[in-house]
Amino acid sequence: MKFMRSLGLGLLAAASMLSVSSAKAADDTIKVGVLHSLSGTMAISETTLKDTVLMMVDDLNKHGGLLGKKVEAVVVDPASNWPLFAEKARELLEKDKVAAIFGCWTSVSRKSVLPVVEQLDGLLFYPVQYEGEESSRNVFYTGAAPNQQAIPAVDYLMSKDGGEVKRWVLAGTDYVYPRTTNKILESYLKSKGVAADDIMVNYTPFGHSDWQTIVADIKKFASAGKKTAVVSTINGDANVPFYKELANQGIKADQIPVVAFSVGEEELAGIDTKNLVGHLAAWNYFESVKSPENTAFIKQWHDFTKNPKRVTNDPMEATYIGFKMWTQAVQQAGTTDVDAVRQAMYGQKVKNLTGGVAVMNTNHHLSKPVFIGEIQADGQLQTVWKTNGVIKADAWSPYIPESAKLTADWTYPWVCGNCTEPKFKN
Amino acid sequence: MLKLVLALVALLVCSPAYADDFAGAVRALNADSFSDKLTAADTLAALGDGRAAAVFEAMADGRLYATADGTILIEQSGSYRDAVSGATVAASDAAAITVNNRLRGALRAAAGQLGLLNSDPVIRQQAAESMLATPNPDAADTVRKALAAETVPAIKALLSQAVARLDLADSDPAHRLSAIAQLAASSDPQVRGLLQPLADGDSDPQVKAAAQKAVSSIENRLGLIGIGVNIFQGISLGSVLLLAAIGLAVTFGVMGVINMAHGEMIMLGAYSTFVVQEAVRALLPPDYFGLYLVIAVPVAFVVTFAVGVLLERTVIRFLYGRPLETMLATWGISLMLQQLVRSLFGASNREVANPAWMTGGIELIGGFTLTYNRVVIILFCLAVLLALAAVLRWSRFGLFMRAVTQNRPMASAMGIPTGRIDAATFGLGSGIAGIAGVALSQIGNVSPNLGQGYIVDSFMVVVFGGVGSLWGTLVGALSLGLVNKLLEPYAGAMLGKILVLVAIILFIQKRPRGLFALKGRSVEG
């Protein structure tokens, strides 16, 4: 079955490859690659990001392009097939000679692209919150690291406003992001004095649809008399049946709140949220945040997609920030040469859509604000808490012993993504 | 909170004369920060005005609005009334007052306490139930007072349970002992949670022994209930598997077509449900919304039946007897259907709302909630299976169908239009998959990938149960569901699934034709 599936996806992708016209590189254009799945399981999330990049390119060209040249987006479809991500990245860099790639969603797709961009010295902008524990010379991570999402969310739940939670269920889909995040959270919770008995960890397969047992277990776990919360790293399609089961078994947010790291406006659009009011999500962006930048962005998005109902979400903002930073860095460097642009990226500032300023650090991660929101009946997230300023992302979590020793800093004297001591000494 | 209790006492003594304070306190609810709102709610509760209960309920549900000039309105099914005067008003500029979980919890508790002293027994019962669910030491005096004044036996029983729970923390060992005696017969996991600290280390040895005994008897009962719960969940999972597999039992089981597009028929059924839902939303008044599901069943059947017949006539009939090519062709079709739906409806999930009669559940003993949607799906699935069995057994079409699959040349010689029967059979299998899609849209995603999640399970059920046997499919689905759910608490969802898969592989090695193997010539043919 698996073989058949990947074979078929391959065929399909091959067909779509032919349809994407590879226009001849003219001297008056700068090409950027868009590497998001447009078919297969991840199309559900990634299609939106492809549209976001196209919108940004369109906008840039309307305002005179970049370095006096037109920008052209080369869209390829890696079809939710991880090895195909690497092939398509190679094609973008070698054949289309793109100046930068905007793409990937799942960590496994990023890991598959990583050796390619490092070998061919390309630039990848990765716009999704992820588990951290990585810093590549050729990747800029504009999504949240665990300390910009998971840790603040847990802090909030431990606070008075969050309900002073004492017992924790860490529920996730069984793959690298939830496993790493939960490992970080578990050791963080223990450092805050939570007993091992008060933590329940649960993993489910991708697309898990029968949540009866797990939801009943959560109820049982919560009946011990201490305030309980669920920290959910459940990904993608499994969320809808999970939330439906929660609602049907009568779990209310004021009894057992669920805080999710992979559920945003886009995912909520596919769920009837009336019974989910009060459950939480932690992100660096909510569509409901009022600011002039956000209003303009939402309007631009509705105009571009010609659909006033399309929602915006956090990975879109991360794409927006990444694209803006790249254009600013290119302008500063006066060239699209990868080394020059990389140097110009450090310290590059872009206004967040939610107010404040995002800064690119030398560990290739951003400093961004964190928001905790409650789900509303209309499918939007209402901010109930936010950080005072911005939080700087840790590429390596201090809560995992092996990674606490490592430093990511791509400037002198470190010049390294995972070193225990600087590369250059004296 | 102390203020609140005092106020409730005051309420018993004297009632009105707070009109102006009440209006002011209600206005204060529209504060800027959550903590200010909390303070305002405390102040309002402290007034002890009975009208506050409705305000608290509305605020907790997000139905409390504030106009630009600060008037507070309660929204009830689309119309607004003034929270203070009760007059109906038109509110165009009103904005909802936001709440967070902490505030919501405090509001519900306050409303519950006010509700305990309400004159309406229905409201009192609700308040007593919520008091039981979330024991609140601050409300102890109110609960005792309400118990003393209560006349309705059912509410009295609830309140005395609530008092017993509060008494567990009493300083007098005799009180604790009598509370334990009263609670020992409970099957509520929450009671166990309350008794556990006493059993672990109460200062009084007698209390400690009694608590230990009570905990172990509750645990025994909970264990038994747990088995019952697992069996229900197993049957429920089995019914979902069965629903997904019945259509395949026809196309693969009866006709022998390795139909990889089966999952996409389920998906088309789910999208038909979505379209019907949108149409009902647009055309019928909201009261009839729950009906959309009933309309969706025939619509989904007709749509997928038509697609099935079209597929059979244009592709599959040329591939009979060539399983490998059939598999590749139907698999290609499944990809095409997915992409078609993706282009028509978009890649993201579509929202299919559960009608009111399929939302929620009833709380049975031991914290076990029987959810309505699961019950409906079990019944629906049995109905579909019985209807299909009846069609195959008693209808003329069923007779023809069996004749064609058992001996095609002979059936043809008897004048049965075999080609048309083939098309109709494939259509029937697809149509049933479409109906399954209606039901599955109620418990999961409606996305272009919906079918992919069910295709492997469906094949597993049909092969395990025995190709060609409807009853085999039934037994296969239910036993897979039960084994899965009985394993899950011990092995976890991931390992449980793997164990079941390994068990099936071993089983198929032993009995290649599944549980209920067809015997006779038709097998060879």
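Laboratory data are not the source of any read-out in this text; all were calculated from the coordinates shown. Just so it is clear, the model here is predicted, and its values are computed rather than measured. A quick note on method: Cβ atoms are made from the backbone with ideal geometry, for glycine too, and the neighbour counts reach across all protein chains shown.
The protection proxy used here, the mean number of other Cβ atoms lying within 10 Å of each residue, ranks peptides B:103-112, A:412-421, A:117-126 as follows, highest first: B:103-112, A:117-126, A:412-421.
As I understand it, the value is the acute angle between the Cα axis of helix A:2-19 and the longest principal axis of the Cα atoms of chain A; what does it come to in degrees, rounded to 10? With both axes taken from Cα atoms, the answer is about 40 degrees.
With the cut-off at 20 Å, tell me which of the pairs A:LYS88/A:LYS111; A:LYS69/A:LYS324; A:LYS62/A:LYS290; A:LYS274/A:LYS306; A:LYS244/A:LYS386 have Cα atoms farther apart than that. Please list the in-between numbers first.
Details: A:LYS88/A:LYS111 14 Å; A:LYS69/A:LYS324 16 Å; A:LYS62/A:LYS290 26 Å; A:LYS274/A:LYS306 27 Å; A:LYS244/A:LYS386 28 Å.
Correct reply: A:LYS62/A:LYS290; A:LYS274/A:LYS306; A:LYS244/A:LYS386.
Across the stretch A:299-426, Cα pairs under 8 Å and at least six residues apart give a relative contact order of 13 percent.
Distant-in-sequence amide contacts of A:THR204, defined by a placed amide H-H separation under 5 Å and a gap of 5 or more residues or a different chain, comprise A:GLY172, A:THR173, A:ASP174.
Across chain B, how many lysine pairs, 8 or more positions apart or on different chains, have C-alpha atoms separated by under 18 Å? Please give the number. It would help to have the intermediate numbers written out before the result.
Numbers: B:LYS3/B:LYS37; B:LYS3/B:LYS145; B:LYS145/B:LYS156; B:LYS485/B:LYS497; B:LYS510/B:LYS519.
Lysine pairs, 8 or more places apart or on different chains, close enough: 5.
Note on B:510-517: average number of Cβ atoms from other chains within 10 Å of each residue's Cβ is 0. When DSSP beta bridges are restricted to pairs lying wholly in chain A, around 35% turn out antiparallel.
Sorted by packing (mean other beta-carbon atoms within 10 Å per residue), highest first, where do B:444-456, A:389-401, B:218-230, B:257-269 land?
Values: B:444-456: 24.5, A:389-401: 18.7, B:218-230: 15.9, B:257-269: 29.3.
Going by the mean number of other Cβ atoms within 10 Å, highest first, we get B:257-269, B:444-456, A:389-401, B:218-230.
Taking only Cα atoms of chain A, what ratio of Rg to Rh do you get with Rh as the Kirkwood inverse-distance radius? Could the numbers behind the result be given before it?
Details: Rg = 21.4 Å, Rh = 22.2 Å.
Rg/Rh for chain A comes to 0.96.
Take peptide B:320-333, look around each residue's Cβ out to 10 angstrom, count Cβ atoms belonging to other protein chains, and average those counts.
Numbers: counts 0, 0, 0, 0, 0, 0, 0, 1, 3, 0, 0, 5, 3, 0.
Partner Cβ neighbours, averaged per residue: 1.
A Cα-only calculation for the stretch B:201-244 places Rg and Dmax at 18.3, 58 Å. As an equivalent ellipsoid, the protein assembly as shown spans semi-axes of 47, 42, 27 angstrom, where each value is the square root of five times an eigenvalue of the C-alpha gyration tensor, largest first.
FRET efficiency for the B:ASN407 to B:GLU363 pair, using the beta carbon distance and R₀ = 56 Å, is estimated at 0.50. Amide H contacts of A:VAL357 (H built 1.01 Å from N, in plane; Pro and chain starts excluded): A:ASN352 sit under 5 Å, all sequence-distant by 5 or more or on other chains. Here the Kirkwood formula puts the hydrodynamic radius of the stretch B:243-466 at 18.2 Å, using every distinct Cα pair.
Modelled this way, with points 7 Å down the Cα-to-C-beta line, the labels at B:ALA503 and B:ARG317 are 4.3 nm from one another. For the stretch A:92-112 versus the stretch A:327-385, the spacing of their alpha-carbon centroids is 19 Å. Per-residue ellipticity at 222 nm from helix content only, as computed over the protein assembly as shown with -39500 (n - 2.57) for each DSSP H run of at least four residues, stands at -18000 deg cm²/dmol. The angle between the Cα long axis of helix B:153-167 and the longest principal axis of the Cα atoms of chain B comes to about 70 degrees, rounded to the nearest 10. Counted over the stretch A:251-307 with a bin width of 5 Å, the fraction of Cα pairs per bin, in whole percents, is 4, 15, 19, 23, 18, 12, 6, 3, 0. Could you give me D for chain B, from Stokes-Einstein at 37 °C and 0.692 mPa s, where the hydrodynamic radius is the Kirkwood radius over C-alpha pairs? Units µm² s⁻¹, please. Taking Rh from Cα pairs, D becomes 119 µm²/s.
Size descriptor for the stretch A:362-426, Kirkwood hydrodynamic radius: 14.3 Å (Cα pairs only, one decimal). The peptide list A:280-286, B:139-145, put in order of mean Cβ contacts within 10 Å with the highest first, becomes A:280-286, B:139-145. Among all the lysines, which ones have a C-alpha under 18 Å from A:LYS226's C-alpha, if same-chain residues fewer than 8 places away are not counted? Leaving aside lysines fewer than 8 places away in the same chain, those within reach of A:LYS226 are A:LYS160, A:LYS166, A:LYS190, A:LYS192, A:LYS252. Hey, what do the phi angles of the stretch A:39-44 turn into as Karplus ³J(HN,Hα) couplings, whole Hz, using 6.51/-1.76/1.60 and θ = phi - 60°, x for Gly and Pro? My calculation for the stretch A:39-44 gives 9, x, 4, 8, 3, 3 Hz in order.
Each DSSP beta bridge with both residues in the protein assembly as shown is either parallel or antiparallel, and the antiparallel ones are about 50%. Taking the C-alpha atoms only, the angle from helix B:140-149 to the longest principal axis of chain B is near 90 degrees.
Among the residues of B:188-197, the average count of other protein chain beta-carbon atoms within 10 Å of the residue beta-carbon is 3.
Of the three principal axes defined by the Cα atoms of the stretch A:275-426, the extents in descending order read 59, 41, 23 Å.
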